[in-house]
Every structure is written in structure tokens, then in C-alpha cells.
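Data first, discussion second: the structure below is written as C-alpha cells.
The values are calculated or read from the model by the stated rules, or taken from the named source; none is laboratory data. These numbers were taken from a predicted model, which means no experiment stands behind them. Here the Cβ positions follow ideal geometry from the backbone for every residue, glycine too, while neighbour counts run over all protein chains shown.
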Amino acid sequence: MRVDGRPERTIAVEADGRSVTVVDQTRLPFEFVRRPLADVEAAAHAIRAMIVRGAPLIGVTAAYGVALAMRADPSEANLDRALGLLGATRPTAVNLRWALARLDAALRSLPAADREARAYAESAAIAGEDVAACRAIGRHGLELLRDVRLRRGGGLVRVLTHCNAGWLACVDWGTALAPVYAAHEAGVPVHVYVDETRPRNQGGALTAFELGAHGVPHTVIADNTGGHLMQRGLVDLCIVGSDRTTAAGDVANKIGTYLKALAARDNDVPFYVALPSSTIDWTIRDGVVEVPIEERDAREVTHVRGRSADGTVLDVEVVAPGSPVANPAFDVTPARLVTGLVTERGVTSASREGLLALYPERTKT
Ligand code: MRU
């Protein structure tokens, strides 16, 4: 995507073929800056501290983290250390485990001298596949938006999204926002209602930033507003991303997604989830029981980051001091509330049958 006219990706290898930089998402929406990932520790820190975030981007960053480790020391002991360090950063997005397993399989049996080059090549392949998958999700999702518009007899297509599943959550384009960008490019008039997404405000800070940078009309709403808009007939469809989708189509996504799905069902608003196949966990079926839900720091709830009138970015306390706080970062939307899954291979029902129809090679898993 372009920022200030420049093509940007969330993660990039610089001209020397080895140095890795990422967009620092903790500085958005007020500043767009890239920062280097000097080593595997920096990559792990970037994931843990949400300098990078979003399931696909977490996976790609972890892959490059292994590459940086191999650059420093390609021994098998260091490979194990890197996999352990990166694997312990965040528990919910399955792309992290998926990418690390892929690097492990690619590197372990190689002579140490070959591991660095192979790790960078495999990481680049994962990044490239993510961009291609997001573009394909955009193409398939665009048809959904066109259908909605046709059924309404033309006019604006009004989409509601939660959290950030745009290009900042991936390498480029995004998952839930890829159909929006595709529609915008194709001249299909689209307007996005952006849930602010407390506690970290990925909607207000990141989704609004990237839609604005790309010129897509949007309105930021408080998290509690979506149901009201749906009752008033102001939302044509919801599209969200996913951090882990089970083999039966249950969807783990940013906390609050489930409530949007309930409101959508009550108001006959289609509720779609966009995801690349790297987000499918084929080993589990019951998402509510089996997906590990990350519990994050209470400070994300007790404090809010913002910019003061003099331009200083600071955290302010917003909760009664001393009150206990819970901060689960994700929830699970059961498959029965999901109208369809938009993947790189097409749109399918949120069910084992639907997923296997698109990924028949998984029949034996
Ligand atoms: O905690 P985050 O910001 O990494 O969580 C990301 C999300 O939950 C997004 O909603 C997204 O849909 C999944 S990544 C495309």
C-alpha cells in the first residue's frame, strides 16, 4: 500500500538482503516510522510488545526472527533457542506456530552453513504467499460486496469491521480490508464503520489510519455502537479477520468480535470472516474450548494512549485506581454465527465440509 505516495510493506528486507525493518505500530496513528529488527531478541520483542501485530504479520515476523538468529549463529542449538523464544511471544494467532514449524522443517536437516540463506528465502516465500493470499481474498470478497450492492439496487456498500485486519496486520493489503480496497479500486462505492476496538484501539488508531491514507471513506465508532447501527439498517455486511480458525469454522478474533456476530445475526446482517489458510488450525474443532486466549496486561485497560494538545503522546489513567481488571485479548465466534469464510481459494461455509471443499488435501488431517 502507499503512505504519503510511497509504497510500503509492514515488514521488509533492506537492500543488503539481510537487515529487516518493520513499521512501528505503537507509534501510529500519530507517526509513521520504520524500525530495524537487529536480532532475534528484537523480533521477539516486536511481537510481544505489539510493535508488529495481526496474525499474518506475526507469522512473517517470527520467520524473519529465525533468519536473524541463523545469521548470528546457524547452529542447531541456536535454532532451538530461536524457535522457543519466538514461539513463547503470543499464544492465540496460529500463524506464529505455523511459520515457526515451516522454518524448523526447512532448516533442521541442513548443514549449518546453509541455514542462513535458506531461512531468509523461506521467510521471503512466506511473506510473498501472504501478499498473494490477501490479494486473492480481496478478489473473492469484492464479489460479495458487488452482490450486496446489486441486492440493494445500487448505492453505497456499508461495511462494519472490528480491530485491524488491514495491511498493517499482514504484509500488504490485509484480510478483512482487502475486499474493501479491491472495491475502492474497482469504483464500487464503499463506506467502512470502524469499531475503535478497546483496549488497544486498533480500529481507531490503525484501521482508520490506513483507510484514511488510502482515501477510503470511513467512520470510527465506539465499540458499543455497531448493534444500534445494524438495527437502523445502516450496515450491509460485517467483515472481520481471524487469529485462528478451527477445522470446524469457529473463529478466534479480537475481543468483542463475538458480540458483533450476535448483533449481526439478530439483525440479518451477513457476517463474514476473511483469512488466509495459514490462519486455519486443522488440529482443533471446538474453538471456544480449545483456542488459547491471551490474557494481556491490565494497564491496557486502566490506561489509554493519546496525544495531548501540545502534541505529546502519553498514557492517561481512565479506571478507578486499585480496581481489579481482566483483559482477555480475543474471543471465539462459533461457526453457526458466521455467514461465510473468505479465503485465498474462495468463499465457503464456516464448517468442516466447507473448509475441506476448498482444501481437499486436508481431508486426512
Ligand atoms: O492483538 P492483535 O492486534 O494482534 O489482534 C489482531 C486481530 O485480532 C485482528 O482483528 C485480526 O482480525 C486478526 S489478524 C488479520
Please verify whether region 146-155 includes one or more residues that are of a type in the set (D, E, K, R) and free of Cβ contacts under 8 Å to residues at least 12 places away in the same chain. yes
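Considering every residue within region 317-326, establish whether at least one is hydrophobic (A, V, I, L, M, F, W, C) and in contact (Cβ under 8 Å) with a residue 60 or more places away in the chain.
First pass over region 317-326, keeping only residues hydrophobic (A, V, I, L, M, F, W, C): 318-320, 325-326.
Cutting the leftovers down to in contact (Cβ under 8 Å) with a residue 60 or more places away in the chain gives us none.
Within region 317-326 (the criterion being hydrophobic (A, V, I, L, M, F, W, C) and in contact (Cβ under 8 Å) with a residue 60 or more places away in the chain), the answer is no, since none of the residues qualifies.
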Return yes when GLY138 is part of a loop (DSSP other than H, G, I, E, B), free of Cβ contacts under 8 Å to residues at least 60 places away in the same chain and either assigned by TED's automatic domain parsing to the domain that holds LEU234 or within 16 Å of the ligand (Cβ to nearest atom) (or both) and no when it is not. no
Quick one: what pairs do we get from region 57-83, first residue assigned by TED's automatic domain parsing to the domain that holds ALA124 and more than 16 Å from SER109 (Cβ to Cβ), second hydroxyl-bearing (Ser, Thr, Tyr) and not in a helix (DSSP H, G or I), C-beta under 7 Å, 6+ apart or different chains? LEU57/THR10
Before we move on, is LEU28 over 30 Å from PRO179 (Cβ atoms), crowded, with 17+ Cβ neighbours inside 10 Å and not assigned by TED's automatic domain parsing to the domain that holds VAL332? no
Long-range neighbours under 8 Å by Cβ, at least six apart or interchain, first residue farther than 16 Å from LEU86 by Cβ within region 102-130, second in a helix (DSSP H, G or I) and hydroxyl-bearing (Ser, Thr, Tyr): GLU129/SER278; ASP130/SER278
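Looking only at region 251-259, decide whether some residue is assigned to a helix (DSSP H, G or I) and either within 13 Å of the ligand (Cβ to nearest atom) or more than 24 Å from HIS191 (Cβ to Cβ) (or both). Steps first, please.
As a first pass, look at region 251-259 and keep what is assigned to a helix (DSSP H, G or I): 257-259.
Then drop every residue that is not either within 13 Å of the ligand (Cβ to nearest atom) or more than 24 Å from HIS191 (Cβ to Cβ) (or both), which leaves 257-258.
Scanning region 251-259, I find at least one residue that is assigned to a helix (DSSP H, G or I) and either within 13 Å of the ligand (Cβ to nearest atom) or more than 24 Å from HIS191 (Cβ to Cβ) (or both), so the answer is yes.
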Would you point out the residue of region 219-250, among those that are within 14 Å of the ligand (Cβ to nearest atom) and assigned to a strand (DSSP E or B), that is farthest from ARG90 (Cα to Cα)? CYS238
